[in-house]
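The values are calculated or read from the model by the stated rules, or taken from the named source; none is laboratory data. Keep in mind it's a predicted model, so treat the numbers as computed, not measured. Counting neighbours? That spans all protein chains shown, and the Cβs are built from the backbone with ideal geometry, glycine included.
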Amino acid sequence: MSDGNTEQRELIHEDIDAERNRQDAKWGFPQYNSPMEWAAILSEECGECVKELNNFQLAGKRENFDKAMKEAIETAAVAVSIIEHAQSWIMK
């Protein structure tokens with residue numbers, strides 16, 4: 001049985017996957033970042049997401065909402081990339 005939330009989640013996962021593919025096309029796979037480098041990348045993405053969420057909260061414009069959602073997808077994709085690469089850290 002599928003509800004609206006499940007369908008929405010599937011669409012969100014598709015957006016995250018598309019962003020991961022874009023990141024891989026831009027940066028290559030695998031990437032050889034250390035855990036601290038990944039932390040910095042994720043923190044930067046989180047900061048951009050927070051900035052756009054704040055802009056939406058203050059202005060309430062659709063443009064701000066769209067930017068916030070774009071940054072949230074990028075943040076989630078970086079988190080997925082960390083998970084994809086994490087096994088290599090203990091294999092060294």
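Taking segment 21-76 only, how many residues are farther than 28 Å from Q87 by Cα, touching a helix residue (DSSP H, G or I) at 6+ places or on another chain (Cβ under 6 Å), of a type in the set (S, T, N, Q) and at pLDDT 95 or above?
Here the count works out to 1.
Yes or no: K51 of a type in the set (K, R), surrounded by fewer than 17 Cβ atoms within 10 Å (Cβ to Cβ) and assigned to a helix (DSSP H, G or I)? Even if it seems obvious, please write down each step before you answer.
Numbers: of a type in the set (K, R): yes; surrounded by fewer than 17 Cβ atoms within 10 Å (Cβ to Cβ): yes; assigned to a helix (DSSP H, G or I): yes.
Against the criterion (of a type in the set (K, R), surrounded by fewer than 17 Cβ atoms within 10 Å (Cβ to Cβ) and assigned to a helix (DSSP H, G or I)), K51 qualifies.
Where residues in segment 1-43 are assigned to a helix (DSSP H, G or I) and among the hydroxyl-bearing types (S, T, Y), which of them is farthest from T75 (Cα to Cα)?
Filtering first and then ranking leaves T6.
Taking the options L58, L42, L11, name whichever one is of a type outside the set (F, W, Y), on the phi < 0 side of the Ramachandran plot, surrounded by fewer than 16 Cβ atoms within 10 Å (Cβ to Cβ) and under 10 Å from the mean Cα position of the chain (by Cα).
After ruling out the rest, the residue left standing is L42.
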